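First the structure, in the form of structure tokens, and then the observations on it.
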Amino acid sequence: MGGVGVASARRRGGGVVGAVATEVLKPADVGDAWRTPPVVLERVREFAELAGYHVDVGSCYGVALDPCSGPGSIVSARTEIALPADGLAADWYGIAGDGLVFVNPPYSKPGKWVAKCEEVGRQTDVIALVTAAPDTAWWRWADAVCFWRGRIKFIGPDGIARFPARTPSAVLYWGDVPELFEHAFRTVGKVVRP
């Protein structure tokens, strides 16, 4: 994990005296192991309710499939695919049917994930949380895009939302009801419908 922090220490002669070593978690230490925070999933849930998806305790955000799940995920999708399984190779529509797909792909390698979102979004609703980078080769203009206001604090592997993202975020939507997506996300950012 991270470096060593120093609590209640005094400097004497260039050294640290009376230091208590603590683990300091830094964003670079966990790579892509950051989880979607409730503030994003609350908007996903509002969209799911507006679009008529079944939202209950077992699937509290109305998501049928999360193909990028992992330990500590709070998405609570009906079906979650986590490593070592290959969520990208899975048949998303076959698994989700007409249900909502939510994707928070690795920010370091979003291209193939976003392309798959676009493909599956022709069959069912897909929402993806990505870095806001419309100037990159992997970016796809969806049926609606929310450019999130401010930096999202993702949940670290320890279950705590600690650090804001290093880059702005966007939520992409593919599907037949972009007006419902716009209604659900308009309070957290600028929604555009290209």
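Observations
- Under 5 Å, built H, 5+ apart or other chain: amide partners of A144: Y173
- Residues whose placed amide H lies under 5 Å from that of C68, excluding near-sequence neighbours: I81, N104
- Scanning residues 5 or more positions from S169 or on other chains, those with amide H under 5 Å from its amide H are A132, W148, I152, with H placed 1.01 Å from N in the peptide plane.
- Computed from label points 7 Å out along Cα-Cβ, the spacing between L88 and A51 is 2.3 nm.
Quick note: the coordinates plus some simple rules give every number you see, no bench work behind them. Note that the coordinates shown come from a computational prediction; the quantities given were computed from them, not determined experimentally. For neighbour counting, all protein chains shown are included, and Cβ atoms are generated from backbone atoms with ideal geometry for every residue, glycine included.
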